[in-house]
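Everything below concerns the one structure shown next.
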Amino acid sequence: MASDGIYERLANALDALPHGFARTPSGVELRLIKLAFTPEEVWLAGQLTRFPETAAEIAKRLGRDEAEVTATLESLIPRRLVRLDSPGMSAPGLAPPVEGEKRYRLGPFLVGWYESNMRLLDKEFAELFEQFVIEGGGERIFAPRPGVLGVVPVRGSLKAEYIEREPHLDIDAHFARHDRFLVLPCVCKREMEVLHGESCRKPMKRCGFIGLPPQTPLGETVLDREEASKLLSRLEKTGHVHLAFYGFTMSAESPQFVGTCNCCSCCCGVFHGQKLAGVAEGAQKSNYRAVIDPEPCTACGACILRCPVDAISEGPKRLPVGPLCVAVELEPGASVVDRDKCIGCGVCVIGCVPNAIVMEPVSDEEWFHVPSSMAEWEEMRLRNLASR
């Protein structure tokens, strides 16, 4: 069972998913699989697709014992190589709600079993992942639209009418819906520490903020509403970008904010992977772009430092007010935004003391219409993958 054929089959099945899993010249993707899973797990997962089946259906199709198949499938859910067909969110430590008989499907690499395994494995896995991104894995995962994660502007950066138009941007509504929140250590920051022995000084515990049932016991990774909201506010003030999960969860009738990674440009796997892969976009941009009014701008440079994608720079130098007959040193000009680079995260807006920056919506032609369901998101991704 340990022949390379089972790894090839699983790699091809993963690449057929909407998230993508590139086949590379060196076969580094096979080494990632071998590090993460046993041959028995690989064999079974390689028989799955994105179309959900019951354990009984899978066992019958493969001629295997249903109890053994069920046990293996269940063991792979926490490591996210297998997903349950459910409206709920699957995340480490959080089992999604299921109605009726369980139906299983193959889980993606990213966002998926990469994160789960990066929490458990070592430097070799992290090094192989970077090699995979460079050899084509990053382009296959990050470049197609819609992105696997989407930018949600930080609180306080958008006008109320913009949030009303796009309810999936309403972070405060998410906090009002739940009493408990799952907040996890950042897997990207862990990867930086594993690779380089150190990472930035920003907090480790910063990702998730997924709503949990009110009876969930509080603990190191389970916070109440007040503590979770305070933590998110601190992250926003220190320049973290919300790269959020699309809100197809909890039987929502329409997309809603359900949780987010909170990313810094120094550690974020999406930002870092985008650069390694050499692609123009990583996360799906929001429908807003930063605009700077040069009149109140004091050219302090705070927005330049806060921007995670280097979309803001110092404007043309200007003469200070005063006589022009004496030698003077030119003053920095008002900051300017490279609109093509801007991802619409809003961290510059809430960090601007003179309130010189606002977020403005993109044109109707540029507007990204958030899919109404996970199935619609998958179909959009598959069409774009097929056209590449």
### Message
If you take every DSSP beta bridge fully contained in the chain, what fraction is antiparallel? Give it as a percent rounded to 5.
### Response
95
### Query
Pick from I210, I171, I163: which is most flexible by mean-square fluctuation in a GNM of the chain where alpha carbon atoms under 10 Å apart are linked?
I163
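Calculate the tail of P(r) for the range 108-155: the fraction of all Cα-Cα distances greater than 11 Å, expressed in %.
The answer is 73 percent, as a whole percent.
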### Message
Springs between alpha-carbon pairs under 10 angstrom, Gaussian network model over the chain: which of E101, E127, E57 fluctuates most?
### Response
E101
### Among T70, I6, A16 the positive-end extreme of the charge dipole of the range 4-108 (Cβ point charges)
A16
### Message
For a quick check: sort C307, C300 by the number of other beta carbons within 10 angstrom, fewest at the front.
### Response
C300, C307
### Query
Rounded if a/c is under 1.5, else prolate if a/b beats b/c, else oblate: with a ≥ b ≥ c from the C-alpha gyration tensor eigenvalues square-rooted, which is the range 108-188?
oblate
### Task
Mark the label point 7 Å from the Cα of R201 along Cα→Cβ and return the residues of the range 344-358 whose backbone N is within less than 13 Å of it.
none
## Note on the structure
XL table K202/K275; K189/K317; K237/K275; K34/K285; K230/K275; K102/K285; Cα-Cα > 28 Å flagged, in table order, is K189/K317; K34/K285; K230/K275; K102/K285
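From the Cα gyration tensor of the range 1-49, with a ≥ b ≥ c the square roots of its eigenvalues, which class applies: rounded if a/c is under 1.5, or else prolate if a/b is larger than b/c, or else oblate? Before the final figure, lay out each step's value.
Numbers: a/c = 1.83, a/b = 1.17, b/c = 1.57.
Oblate, since a/c reaches 1.5 and b/c is not below a/b.
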### Message
Placing one identical point scatterer on every Cα of the range 4-108 and ignoring solvent, what is log10 I(q)/I(0) from the Debye formula at q = 0.12, 0.20, 0.23 Å⁻¹?
### Response
-0.38, -1.05, -1.33
### Task
For the chain, set up a Gaussian network in which alpha carbons nearer than 10 Å are linked by springs, and say which option among V309, V151, V370 fluctuates the most.
V309
### Cβ-based charge dipole, the chain, positive-most Cα from L121, T54, L231
L121
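Only Lys, Arg, Asp and Glu count, each charged at its Cβ (+1, +1, -1, -1), so figure out the dipole size of the range 4-108 about its Cα centre, rounded to 20 debye.
Values: 14 positive and 15 negative charges, 62 e Å.
About 300 debye.
Using Cβ counts within 10 Å as a stand-in for footprinting exposure, how do H242, H168 rank, fewest first? Display every interim value, and only then the final one.
Numbers: H242 28, H168 22.
Exposure proxy ranking, most exposed first: H168, H242.
Could you sort the peptides 213-223, 228-238, 277-287 by per-residue average Cβ neighbour count (10 Å cutoff), highest mean leading?
Going from most to least packed, we get 277-287, 228-238, 213-223.
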#### Entry: About the Cα centre, charge dipole magnitude for the chain (Lys/Arg +1, Asp/Glu -1 at Cβ), debye
380
#### Entry: Residue-by-residue Karplus 3J(HN,Hα) for the range 337-354, coefficients 6.51, -1.76, 1.60, Hz, glycine and proline x
9, 7, 4, 5, 7, 4, 9, x, 8, x, 5, 5, 5, 6, x, 8, 5, x
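Under the classification rounded if a/c is under 1.5, otherwise prolate if a/b is larger than b/c and oblate if not, where does the chain fall, given a ≥ b ≥ c as square roots of the Cα gyration tensor eigenvalues? Could the numbers behind the result be given before it?
Values: a/c = 2.15, a/b = 1.75, b/c = 1.22.
The shape class here is prolate.
Since every read-out is calculated from the coordinates, none of them should be taken as a lab result. Just so it is clear, the model here is predicted, and its values are computed rather than measured. Note that each Cβ is placed from the backbone with ideal geometry, even for glycine, and that neighbours are counted across all protein chains shown.
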